[in-house]
Each structure stands twice: as C-alpha cells, then as structure tokens.
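Notes follow once the structure below has been shown.
The values are calculated or read from the model by the stated rules, or taken from the named source; none is laboratory data. Note that the structure is a prediction, hence the values are computed from the model and not measured. Cβ: placed from backbone, ideal geometry, glycine included. Neighbour counts: every protein chain shown.
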Amino acid sequence: MSHTILLVDDHQMFREGLKALLQSETELSIAGEAEDGLQAVEMCRELVPDVVIMDISMPGINGVEAARIIHEETPDVKIIILSMYTEKRFILGALKAGATGIVAKNSASAELVAAIQTVVSGKNYLSPSVSDVLVQNFLEADTDTGPKNLSPRERQILQLIAMGKGAKEIGSELNISNKTVEAHRMQLMNKLEIRNVAELVKYAIREGMVEL
C-alpha cells in the first residue's frame, strides 16, 4: 500500500535529501513540499497526505503550531516532527499538538522510513534520544515512593480498600484498630482530594496499585 508524504522544511537542500531517501522506497510517494508552516497548512488542506514530515523550527508558523492546526483540521493525517532540540518542552509541545512521531533531525536519514511505517500503522514513534529525555525527566520528577507522596501505610491501606476489603478486615490484617483504618481512609481522601471510596478504588487502579 502506497503512502503519500508532504515534506516541510525551510532548507531546500535538506528537503532534497529527504526526498531522495523517501523516493527510494516503493511504498512512499512525495505528494508535495512546503517551506514554512503556513504553506504546510494550506497544502495539507489541498492534498490531505497520509503523513506530514515537518521541521519544528521554521519562519512564520513553527512546526508545532502548524501541527496543531493540521491535526485539528485533518486528524487522520499523521505528523512526524523533525527537531534539533530534545528538551522536554519541545517534545511535549509537539506531542500535545498532535504529532505521532518525533525524530531527531541529526538521525532523520537513518530513522525516517521506520518512523513513517510506525505512525501509519497507528503507533507513535520517538527517536531513542527523544525517548531518553522523556524517561529521564519522568524519573527525576518521580522522586517520591508512591502516588501523591503517600506514606507506606497509606499506600498499603489504599491497596486493600481497592481490593474490596472493609475497615474491620483491613484492621485485622494490619493489626490496627478499625478507628485507625478509618482515620487513614479520611487522610487518603483529603490528600488525594477524593470524595468517596469508589473514587479511591478508581485512583488505585489508574495508578497501577491493583489490577482490574
């Protein structure tokens, strides 16, 4: 199955290099080329390609803003952002704008075909260097030992509540009084800003503390 591509970059020589790479693939065809974000939006309306490959940094509308407009107007079009920047704010900005692929520009020639194949199959593609940034930022942000800085005892009680156990059963299992269990439950609700037990259970499932 053939897939049509719209190339967007303000440097013609770089576009020519990408075009030569992609034209060597029998399943890919270049539907058009644009040199800035505004032109990309206009051409995408006209051509509705399968994939837009777009530089993040361009004059006028940058790649992220262009991606946002394209995604809103033609959500079925897959967008791969090429970026020299691997800071978290650029990566998250592109993903929130609707990009399904982010490829480090210095490795585009090696990764682009695989990125296209991945996004047209309905999956997301991130260059290894981009993935490393997200993982590192996640690990640095996740400095506490559990959701919302809950204490070990609070996490333990939350897990037991989510498993459907009542105060008496939890108290017996942990060798604490029913009153203490209730106090911990109230503390959990206050800390998590949750109003009832059903929402506590949903929270625990969402955080992966218990399985459905």
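Set side by side, the residues LEU160, LEU134 differ, and just one is assigned to a helix (DSSP H, G or I) and modelled with pLDDT of 90 or more, which is LEU160.
The single condition among (1) over 30 Å from THR180 (Cα atoms); (2) in a helix (DSSP H, G or I) that ARG153 does not meet is (1). In region 2-36, of all residues being among the acidic types (Asp, Glu) and within 11 Å of VAL113 (Cβ to Cβ), the one that is surrounded by the most Cβ atoms within 10 Å (Cβ to Cβ) corresponds to GLU25. Listed by first and then second residue, the pairs with beta-carbon distance under 9 Å, at least 6 apart or on different chains, first residue in region 173-191 and of a type in the set (Gly, Ala, Ser), second in a helix (DSSP H, G or I) and crowded, with 16+ Cβ neighbours inside 10 Å, are SER177/GLY171.
Tell me which of these ASP142 doesn't satisfy, since it passes every other one: (1) exposed (fewer than 15 other Cβ atoms within 10 Å of the Cβ); (2) of a type in the set (Asp, Glu); (3) at pLDDT 85 or above. Every condition holds for ASP142 apart from (3). Number of residues in region 101-116 that are surrounded by 16 or more Cβ atoms within 10 Å (Cβ to Cβ), in contact with a Ser or Thr (Cβ under 7 Å, 6 or more places away or on another chain) and either outside the structural domain of ASP9 (by TED's automatic domain parsing) or not in a strand (DSSP E or B) (or both): the value is 2. Residues that are farther than 28 Å from VAL135 by Cβ and either in a loop (DSSP other than H, G, I, E, B) or outside the structural domain of GLY122 (by TED's automatic domain parsing) (or both) occur in region 31-45; there is at least one. Scanning region 1-27 for residues that are modelled with pLDDT under 95, outside any helix (DSSP H, G or I) and of a type in the set (A, V, I, L, M, F, W, C) turns up just one, MET1.
Scanning region 2-54 for residues that are out of contact with any strand residue (DSSP E or B) (no Cβ under 9 Å at 6 or more places or on another chain) and within 16 Å of VAL77 (Cα to Cα) turns up just one, ARG45. Counting only residues that are more than 22 Å from GLU73 (Cα to Cα) and touching a Leu at 6+ places or on another chain (Cβ under 9 Å), region 83-98 holds 1 of them. Once region 148-175 is narrowed to residues that are surrounded by 14 or more Cβ atoms within 10 Å (Cβ to Cβ) and acidic (Asp, Glu), the residue that is nearest to GLU207 (Cα to Cα) is GLU154. Across region 190-207, the number of residues qualifying as assigned to a helix (DSSP H, G or I) and surrounded by 16 or more Cβ atoms within 10 Å (Cβ to Cβ) comes to 5. Restricting attention to region 77-91, the residues being outside any strand (DSSP E or B) and either polar (S, T, N, Q) or touching a residue at least 24 places away in the same chain (Cβ under 8 Å) (or both) number 8. For region 70-126, a residue qualifies if it is out of contact with any strand residue (DSSP E or B) (no Cβ under 9 Å at 6 or more places or on another chain), among the charged types (D, E, K, R) and over 20 Å from HIS3 (Cβ atoms), and the qualifying residues are GLU72, GLU87, LYS88, ARG89, LYS96.
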